[in-house]
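Scroll down for the structure; my scribbles are underneath it.
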Amino acid sequence: MELEELKAAWAALDNRLKHNEELKESIILEMVQSKAVKKVNRFIAWEMFSVAVLLFMVPFCIFIFNIRGGKYLVLDLYILFAAAIGFVYTFWGTYKLQGLMKFDLTKNIGNNILCMNRYNIQLKRESKLLFYFITPVLMILGVLVYAKTKATLPLWTFLICGFSVAILFSYWSYKMYNKSINSILKSLEEIRELKEE
């Protein structure tokens, strides 16, 4: 009789331990999913904000062109180039946003990993275009505009500081994006492992 009671107590204890392990795993899974969703939602919010700002930049550039256009060719080129960047990036940002919106943890984890890897590749292409083409063209046109309009020393200082801050901010934000994407991918791998168990 005592052996039967001992077996029953042991089975109850074993069931309780299994239940605790499942509970811990579900809590860990929920925390990891929450962390990944939060970071993806930040990316989505930032992309929406960027698209909205650049969408409003196009009419603003056209407005400035109507007011200041025709006086200096270099200034006209600068304004038109900025408007073109805003116009093109509106479509590019919308395309990236559409890809990010496919992120859904209720579906296959492999699709989510693919979604984040695609977004990561898009960001790398965008940053190369920004660093190697757009920024140098904007800097050259900015310097030419200042030289043509015979800007004062405080304006030159403002231009140099503005470009320096923009470059540092772009570099910092690129690093933060990379860190966040790697964190999301790591979380997705953890989710995959937990679900497989």
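Numbers at a glance
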{"item": "GNM top mover of 90, 152, 135 - the chain, alpha-carbon springs below 10 Å", "result": "152"}
{"item": "The chain: angle of helix 73-100 to the longest principal axis, Cα-based, in degrees nearest 10", "result": "10 degrees"}
{"item": "Kirkwood-based shape ratio for segment 40-190, expressed as Rg/Rh from alpha carbons", "result": "1.07"}
{"item": "Ranking of 100, 153 by count of other Cβ atoms within 10 Å, fewest first", "result": "153, 100"}
{"item": "Value at 222 nm in deg cm²/dmol, rounded to 500, when DSSP H runs of n ≥ 4 in the chain each add -39,500 (n - 2.57)", "result": "-32500 deg cm²/dmol"}
{"item": "Per-residue Cβ neighbour rank within 10 angstrom, fewest leading, 48, 176", "result": "176, 48"}
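No lab work stands behind these numbers, since they all come straight from the coordinates. Every value quoted in this text rests on a predicted model; they were computed, and no experiment measured them. FYI the Cβ positions are ideal-geometry reconstructions off the backbone, even for glycines, and counts take in every protein chain you see.
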